[in-house]
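Note sheet for the following structure.
The values are calculated or read from the model by the stated rules, or taken from the named source; none is laboratory data. It should be emphasised that the depicted structure is a prediction, and the values quoted were computed from it without experimental measurement. We place every Cβ from the backbone using ideal geometry, glycine too, and count neighbours over all the protein chains shown.
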């Protein structure tokens with residue numbers, strides 16, 4: 001009963017090159033972060049995390065108020081706010097704007113939110129050209145793939161993969177030097193920037209007291225996207241709000257350090273409205289599209305709504321020993337790693353991929369590094385309970401439920417427990433250390449799964465209980 | 001004045017690694033504690049809790065709360081089971097529930113073994129001797145939920161003959177994760193092998209932990225790979241003379 | 001019902017909040033400004049820029065700064081922003097340097113073909129080696145963005161300690177400009193095999209000249 005999820009995991013595990021690429025890339029990001037948050041360099045790191053958590057909690061708990069404040073301030077600076085319940089709504093707003101302005105070419109800077117709603121596909125379906133301009137995103141757009149990692153979308157590809165796709169799509173022959181490949185992309189995309197009618201960005205933060213959008217990046221493509229075309233449209237989930245510009249002093253210190261180990265990314269743009277009357281350049285129109293697409297649903301659960309605090313730094317992916325084995329494309333949605341494991345079931349329902357919350361050893365490394373202190377393991381446990389409650393309702397996985405019911409029944413009756421454990425111990429060859437195999441009738445289910453990877457400890461010659469009794473206490 | 005401590009040996013130590021439990025009792029007795037082994041103990045209920053079976057976890061937790069009710073101290077040879085009882089029992093019952101209060105009362109009395117030694121018994125040198133090159137594996141729940149990092153290392157630093165070497169991935173998960181190990185065997189096994197690579201880089205011949213479940217995972221993978229490395233519970237090391 | 005109404009309704013319902021209810025006060029913003037001497041701020045700024053592979057100069061006089069810019073722009077085409085400071089010290093008079101653009105089309109064409117963009121900066125942040133650029137008639141966006149080389153000439157007194165001081169001086173940047181951009185080092189990417197390449201979209205070469 002292997003699922004798509006299981007099959008994708010197996011495919012990743014059995015690709016040594018990919019295994020090495022994931023492990024090395026995440027390992028490098030981990031060590032960069034470690035240096036950047038070291039208490040010698042940043043003694044206030046823990047304090048910043050606590051502050052960020054408190055600010056996010058406050059904002060999410062009063063989200064409607066901050067949404068309205070944000071809207072008022074965008075309007076006050078001459079911008080426009082559009083509200084979208086779904087990805088279709090977002091596309092409709094953009095198509096409407098494009099049509100009335102005779103636009104045909106759109107440049108895009110990296111945004112997980114637009115990945116989430118397949119915006120490029122929707123726009124291209126209506127005859128618009130929508131070009132990703134972050135180098136990694138550009139490459140995966142050419143390959144028609146999804147980002148492999150929140151901050152390193154092409155983490156899984158080599159220079160040879162890039163050479164192949166550049167040959168196919170750009171007609172560049174056999175260019176395998178990374179620096180040259182980067183400069184080819186620069187030339188192709190520079191031309192697009194200068195010709196584009198509309199620039200679409202995401203938003204790392206929406207600042208309520210300013211009506212502003214904050215964007216962080218390293219390449220300069222987000223600056224170009226939001227500076228060169230006449231129209232700038234920012235697409236953002238409603239959870240991206242923070243109350244004040246001054247809160248950026250906290251969040252910016254955490255975001256770059258947690259993601260890539262940079263005290264600040266190369267560019268941070270704080271954008272509020274179209275260009276002012278006397279400014280020489282910049283967009284003439286500024287639109288923000290506020291997207292729900294399931295977010296309001298997440299607010300309903302007071303224990304799990306903290307999932308919306310996420311600032312998409314990717315640290316939980318890098319530090320997750322499971323992500324480091326199964327990579328980004330094994331996950332069922334664009335959000336991968338621990339944050340993907342907690343938000344995917346909440347957006348799409350636990351039934352959509354019931355295995356997902358269980359794909360964790362609950363080691364807690366994610367929560368330890370999360371800059372906004374989302375208690376990911378706790379939410380995973382909650383989601384596991386949700387999965388089991390749903391299975392019970394739909395009468396599926398009955399056999400497993402029977403096992404755990406029996407376990408609980410026996411483990412709460414000590415005499416029965418003692419008889420049962422004694423009996424179970426007799427089934428196996430006692431006191432023989434670690435077994436490479438077991439008799440065929442036992443080599444099923446969890447035993448078989450265990451033995452597929454490891455040797456299995458035989459029951460001890462005598463249980464602790466027996467040894468303790470023999471000691472005469 | 002010998003104090004009385006209750007021990008909760010965990011189901012995995014009872015059935016698979018009784019020597020770790022006996023070693024823990026030995027060390028505690030040598031320090032002058034008198035040991036109580038509540039016979040009615042079974043399992044802490046973590047397998048059900050971590051698998052999403054909250055009702056079943058509550059049933060087992062209710063039983064364990066009763067079994068440990070009168071204890072002054074409960075010492076446990078596992079960070080994971082300690083964390084289940086001291087952190088998660090309270091979450092299982094609503095604040096008005098009598099069992100919620102029972103869990104609140106029990107929580108401060110439960111000690112993982114190494115923490116009990118350093119904080120209650122206040123010893124760091126138990127007079128142990130073991131000639132070996134060893135490395136210590138931080139089990140995740142002990143490290144991240146109980147914040148146990150230094151206690152076992154300080155105890156090991158005082159074991160004569162023991163050459164303790166830190167591995168680069170000491171804090172990385174071994175890949176056990178309870179039912180995770182059999183629901184996602186390939187991932188779990190891969191994590192164990194990554195951990196073993198780090199162990200090998202230290203040159204250690206002994207891997208020590210305070211959780212038998214991690215050691216079962218690691219020893220299972222070590223044995224499969226045919227490597228000359230053994231795993232030992234901290235209690236077994238501290239009981240060695 | 002509009003999407004706006006529906007979203008706000010769902011948010012309120014799921015949070016249990018009444019329409020228009022004023023929230024409790026948010027946590028105080030965390031702003032901490034250390035005492036750092038002028039000399040230490042300059043030194044730290046230049047050290048951070050160098051660590052990011054930027055080129056730096058601590059100019060003791062405006063003349064030294066202009067000389068440095070002249071050496072780099074010799075034989076090249078450059079666009080200077082309309083920052084009064086650049087005009088005052090004479091950068092705009094250097095051969096090959098175009099300046100004074102007030103029309104977007106002309107500015108864009110000049111910047112797209114120029115080899116070097118020269119700006120001042122509203123501030124610099126010593127902690128991180130950052131330039132703070134607020135869009136205005138004096139500083140257009142494209143000068144620090146389109147040319148492959150960016151030279152910024154900053155009076156020493158504009159060096160702040162870091163983000164906290166910036167947001168303490170400008171708690172509401174939106175009331176002053178439509179665009180405040182922080183620039184920390186040259187444009188970079190590591191998207192292919194995590195190999196660092198500079199100058200992917202923005203300038204790959206950055207010079208920070210601090211003038212006493």
Worksheet item: Quick one: which of A:391, A:368 is within 10 Å of chain B (Cβ to nearest Cβ) and under 30 Å from residue A:248 (Cα atoms)?
Response: A:368
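Run down B:67, B:120 and say which single residue is more than 13 Å from the chain's Cα centre (by Cα), within 14 Å of chain A (Cβ to nearest Cβ) and either at pLDDT below 95 or closer than 29 Å to residue B:232 by Cβ (or both). Please lay out each step first, then the result.
Values: B:120 fails: within 14 Å of chain A (Cβ to nearest Cβ).
Just a single option satisfies the conditions, and that option is B:67.
Yes/no per residue for (1) surrounded by fewer than 16 Cβ atoms within 10 Å (Cβ to Cβ); (2) touching a residue at least 24 places away in the same chain (Cβ under 8 Å):
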| position | (1), (2) |
| --- | --- |
| C:5 | yes, no |
| C:15 | no, no |
| C:20 | yes, no |
| C:28 | yes, no |
| C:48 | no, yes |
| C:66 | no, yes |
| C:71 | yes, no |
Fill in: Selected residue (only one of A:414, A:345 is over 38 Å from the mean Cα position of the chain (by Cα) and buried (at least 16 other Cβ atoms within 10 Å of the Cβ))
A:414
Worksheet item: Can you name the residue in the range A:417-466 that is facing another protein chain (nearest Cβ under 7 Å) and farther than 17 Å from residue B:212 by Cβ and is also modelled with the lowest pLDDT among such residues?
Response: A:446
Item to complete: Those residues that are surrounded by 23 or more Cβ atoms within 10 Å (Cβ to Cβ) and either on the phi > 0 side of the Ramachandran plot or more than 7 Å from chain C (Cβ to nearest Cβ) (or both), I need them from the range A:225-235; list them, please.
Response: A:225, A:226, A:228, A:229, A:232, A:233, A:234, A:235
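Regarding the range A:266-289, can at least one residue be identified that is within 30 Å of residue A:36 (Cβ to Cβ) and within 17 Å of the chain's Cα centre (by Cα)? Can you show your working first?
First, pick out the residues of the range A:266-289 that are within 30 Å of residue A:36 (Cβ to Cβ): A:266-272.
The next check asks that each one be within 17 Å of the chain's Cα centre (by Cα); those that pass are none.
No.
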Worksheet item: In this structure, does residue A:278 turn out to be more than 23 Å from residue A:343 (Cα to Cα), surrounded by 23 or more Cβ atoms within 10 Å (Cβ to Cβ) and either out of contact with any helix residue (DSSP H, G or I) (no Cβ under 7 Å at 6 or more places or on another chain) or touching a residue at least 40 places away in the same chain (Cβ under 8 Å) (or both)?
Response: no
Practice prompt. Name the helices (runs of 4 or more DSSP H) wholly inside the range C:1-82 in which the number of residues that are touching a strand residue (DSSP E or B) at 6+ places or on another chain (Cβ under 6 Å), at negative phi and within 14 Å of chain A (Cβ to nearest Cβ) is 3 or more.
Written response: C:3-15
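Take the residues in the range A:62-88 that are without any contact (Cβ under 8 Å) to a residue 40 or more places away in the chain and either over 30 Å from residue A:367 (Cα atoms) or under 22 Å from the mean Cα position of the chain (by Cα) (or both), then tell me which one is nearest to the other protein chains (Cβ to nearest Cβ).
Step one: list which residues in the range A:62-88 are without any contact (Cβ under 8 Å) to a residue 40 or more places away in the chain, which gives A:62, A:64-65, A:68, A:88.
Narrowing further to those that are either over 30 Å from residue A:367 (Cα atoms) or under 22 Å from the mean Cα position of the chain (by Cα) (or both): A:68, A:88.
On the way: A:68: 7, A:88: 11 Å.
Among them, the one singled out is A:68.
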Practice prompt. Kindly state which strands (runs of 3 or more DSSP E) lie completely within the range B:105-185 and contain at least 1 residues that are touching a strand residue (DSSP E or B) at 6+ places or on another chain (Cβ under 8 Å) and within 18 Å of residue B:220 (Cα to Cα).
Written response: B:129-136
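So which of B:222, B:196 ends up being more than 10 Å from every other protein chain (Cβ to nearest Cβ) and modelled with pLDDT of 95 or more?
Numbers: B:222 fails: more than 10 Å from every other protein chain (Cβ to nearest Cβ).
Exactly one residue qualifies, and that residue is B:196.
Yes or no: the range A:285-301 includes at least one residue that is within 13 Å of residue C:178 (Cβ to Cβ) and either assigned by TED's automatic domain parsing to the domain that holds residue A:95 or in a strand (DSSP E or B) (or both).
First, pick out the residues of the range A:285-301 that are within 13 Å of residue C:178 (Cβ to Cβ): A:285-286.
Among the residues that remain, those that are also either assigned by TED's automatic domain parsing to the domain that holds residue A:95 or in a strand (DSSP E or B) (or both) are: A:285-286.
Yes, because at least one residue in the range A:285-301 is within 13 Å of residue C:178 (Cβ to Cβ) and either assigned by TED's automatic domain parsing to the domain that holds residue A:95 or in a strand (DSSP E or B) (or both).
Quick test for you: out of A:270, A:193, pick the one residue that is modelled with pLDDT of 95 or more, facing chain C (nearest Cβ under 10 Å) and assigned to a strand (DSSP E or B).
Numbers: A:193 fails: assigned to a strand (DSSP E or B).
Criteria check complete, one pass: A:270.
Considering only residues that are more than 17 Å from residue C:132 (Cβ to Cβ) and touching a residue at least 40 places away in the same chain (Cβ under 8 Å), look in the range A:241-250 and name the one that is surrounded by the fewest Cβ atoms within 10 Å (Cβ to Cβ). So that I can check it myself, show each step before the final result.
Going residue by residue through the range A:241-250, those that are more than 17 Å from residue C:132 (Cβ to Cβ) are A:241-244, A:247, A:250.
This time we only want the ones that are touching a residue at least 40 places away in the same chain (Cβ under 8 Å), so: A:241-243, A:247, A:250.
Working: A:241: 25, A:242: 27, A:243: 23, A:247: 28, A:250: 28.
Step by step, filter the range A:241-250, then rank; the result is A:243.
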Practice prompt. Give the range A:165-189 a look and list any residue that's in contact (Cβ under 8 Å) with a residue 24 or more places away in the chain and facing another protein chain (nearest Cβ under 10 Å), or say none.
Written response: A:182, A:185, A:189
Response to the item:
Reported set for the range C:187-200 where residues are touching a strand residue (DSSP E or B) at 6+ places or on another chain (Cβ under 8 Å), at the interface with chain A (Cβ under 7 Å from one of its Cβ atoms) and either in a loop (DSSP other than H, G, I, E, B) or closer than 16 Å to residue C:146 by Cα (or both) is C:187, C:188, C:200
Worksheet item: Taking the range A:417-466 as the region of interest, how many residues are touching a strand residue (DSSP E or B) at 6+ places or on another chain (Cβ under 6 Å) and surrounded by fewer than 13 Cβ atoms within 10 Å (Cβ to Cβ)?
Response: 0
Worksheet, complete the sentence: Those residues of the range B:69-94 that are buried (at least 21 other Cβ atoms within 10 Å of the Cβ) and under 22 Å from residue B:20 (Cα atoms) come to a total of 13
Practice prompt. Could you check, for the range B:167-184, whether at least one of its residues is within 13 Å of the chain's Cα centre (by Cα), touching a residue at least 24 places away in the same chain (Cβ under 8 Å) and either surrounded by 22 or more Cβ atoms within 10 Å (Cβ to Cβ) or not assigned by TED's automatic domain parsing to the domain that holds residue B:47 (or both)?
Written response: no
Response to the item:
From the option list B:227, B:234, single residue qualifying as over 16 Å from the mean Cα position of the chain (by Cα) and more than 9 Å from every other protein chain (Cβ to nearest Cβ) is B:227
Practice prompt. Hey, can you tell me all the residues within the range A:240-267 that are within 25 Å of residue A:91 (Cα to Cα) and assigned to a helix (DSSP H, G or I)?
Written response: A:240
Item to complete: Kindly indicate whether any position in the range B:95-111 is crowded, with 19+ Cβ neighbours inside 10 Å and more than 18 Å from residue B:75 (Cα to Cα).
Response: no
Discussion item. Suppose we filter the range A:166-190 for residues that are in contact with a helix residue (DSSP H, G or I) (Cβ under 7 Å, 6 or more places away or on another chain) and either closer than 30 Å to residue A:67 by Cβ or assigned to a helix (DSSP H, G or I) (or both); how many remain?
Written reply: 10
